[in-house]
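My questions all concern the structure below.
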Amino acid sequence: MKKPHIIDLQTIDQGEEGFLTVAEAGKQLPFEVKRAYWIYGAHSENVVRGEQANQLTEHILVPLQGTCVVDLENLEGEALSFSLDSPKQGVFVPSKTWRKVSCSKDCIILSLASRTYDSDDVIRDYEQWKALS
């Protein structure tokens, strides 16, 4: 079974020009990205997003700006929490993992997904997700 973990992204300091951060499939990323999307524009602090799981899709969540806390739970009941505050790191979210993301008001989160969107893949009801075990 795949486990949630921090992924350190390759970051190049370009001096006065700033930084360049790279995420490549087969290197930093454990899958080929089929979909990318970002979440932003919260109207208040500590907005909770994502309370859901995917049956097949894996994700990597990267805070491009601001901070977020990613709370994860697997079907065995193991819970992990990741505090993210740098675009140099992301958290790997395996399929069938329940997630809840708490965002700062200025947070922009990039999500890299292993599959294209399929509404049948998303479980938004916690009890329905727990029944998968």
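I need Leu56, Leu80, Leu9 ordered by Cβ neighbour count within 10 Å, fewest first.
Leu56, Leu80, Leu9
Using the structure shown, list the pairs from Lys2/Lys27; Lys27/Lys130; Lys105/Lys130; Lys27/Lys105 with a Cα-Cα distance above 24 Å, or answer none.
Lys27/Lys130; Lys105/Lys130; Lys27/Lys105
Suppose a student asked you for the relative contact order of region 12-133, using Cα pairs under 8 Å spaced at least 6 residues apart; what percent would you report?
Normalised by residue count, the contact order of region 12-133 is 36 percent.
Can you bin region 20-80 into rounded, prolate or oblate? Criterion: square roots of the alpha carbon gyration tensor eigenvalues sorted a ≥ b ≥ c, rounded for a/c under 1.5, prolate for a/b above b/c, oblate for the rest.
It comes out oblate by the Cα gyration axes.
Going by how many other beta carbons lie within 10 Å of each one, how would you line up Lys3, Lys100, fewest first?
The order, fewest Cβ neighbours first, is Lys3, Lys100.
Run the helix sum for the chain: -39,500 (n - 2.57) per DSSP H stretch of 4+ residues, divided by residue count, reported at 222 nm to the nearest 500 deg cm²/dmol.
Helix contribution divided over all residues of the chain: -500 deg cm²/dmol.
Every number here is computed from the coordinates shown, using simple stated rules; none is lab data. This structure is a prediction, so every number in the text was calculated from the model and none was measured. Note that we place each Cβ from the backbone using ideal geometry, even for glycine, and neighbour counts take in every protein chain shown.
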